[in-house]
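Please treat every number below as a calculation from the coordinates, not as lab data. From a predicted model like this one, the values you see are computed outputs, not experimental measurements. Every residue, glycine among them, receives a Cβ derived from its backbone with ideal geometry; neighbour counts consider all protein chains shown.
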Amino acid sequence: MGFLTDRVQCYKCDLGRHRETVLPTGLNGERRLAFVGEAPGVDADRRGEPFVGAPNSILTKLLGVLELSRDQVIVTHVCKCRPPSDRDPYDDEYTTCLHEWLIHELTMRSEMPLVIPLGELAATVFLGARPIHNVAGRAWSTEYLTGTLWDSLVPWGAPVLRVYPLLHPALISESGLDERRFWSDVSRLRIVLKKWAHK
Ligand code: SF4
């Protein structure tokens, strides 16, 4: 529990002064799929759970499509603390947090998990600044990664990393078009996971 205990006391960036909870992560075992959201919202911050409400229902349905249970995957965020008024985290906040925590969450196991960034900010840390609609629903492997987190991993020995971004579950209920796109991308992810499992 040292990893989580240290994080509970983390004040490495300004967000530490505003949060109610630092969100925990499923750290036990060799979970091979990691869903990485952007930052907790107000309800997640209050309840100390990574996804709550409508986004949690969508994540549960998504896991059903992939035939996975919650305890088989990592669910975490780029930024572990809620930004005030649910604004986007600033560059220095999420960069500090991912160097402090996310990078270790992904590398502390024997095999790098397959990473599913949820939303534009999470995709950006792996793929550089690109619109989420241009990168979601496609499998990206090591040679295409250019974001902050990938640049930080390279000196560790450039591990094999596979990334498949999706639109953020919190956004898809706002647009029928995005909802259709999201579930179509999830269907393709199911096929991609089967292929990756056999490599
Ligand atoms: S956002 Fe991350 S780095 Fe900043 S205080 Fe919270 S846990 Fe620490």
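Side notes on the structure shown:
- Of V125, T148, V65, farthest towards positive along the dipole that unit charges on Lys, Arg, Asp, Glu beta carbons give the chain: V65
- Computed over the alpha-carbon atoms, the chain gives an Rg to Rh ratio of 0.93, Rh here being the Kirkwood radius from the mean inverse distance.
- Legend: Rg and Dmax of segment 94-148, from Cα coordinates, 11.4, 32 Å.
- In terms of Cα atoms, the Rg and Dmax of segment 53-150 work out to 14.0, 38 Å.
- You can think of it this way: the chain between D88 and S152 has 20.9 nm of extra reach, that is 0.36 nm per residue less the Cα-Cα gap.
- Rounded to the nearest 500, the helix-only mean residue ellipticity at 222 nm of the chain stands at -11000 deg cm²/dmol, with each DSSP H run of n ≥ 4 adding -39,500 (n - 2.57).
- Zone residues, segment 67-105, relative to E174, backbone N less than 11 Å from point 7 Å out along Cα-to-Cβ: none
- Lysines whose Cα lies under 22 Å from that of K195, excluding same-chain neighbours fewer than 8 positions away: K61
- Student exercise, the chain dipole from Lys, Arg, Asp, Glu Cβ charges, in Debye to nearest 20: 720 debye
- Farthest toward the positive end of the dipole of segment 85-199, out of M112, A170, L193, is the Cα of L193, where the dipole comes from beta carbon charges about the Cα centre.
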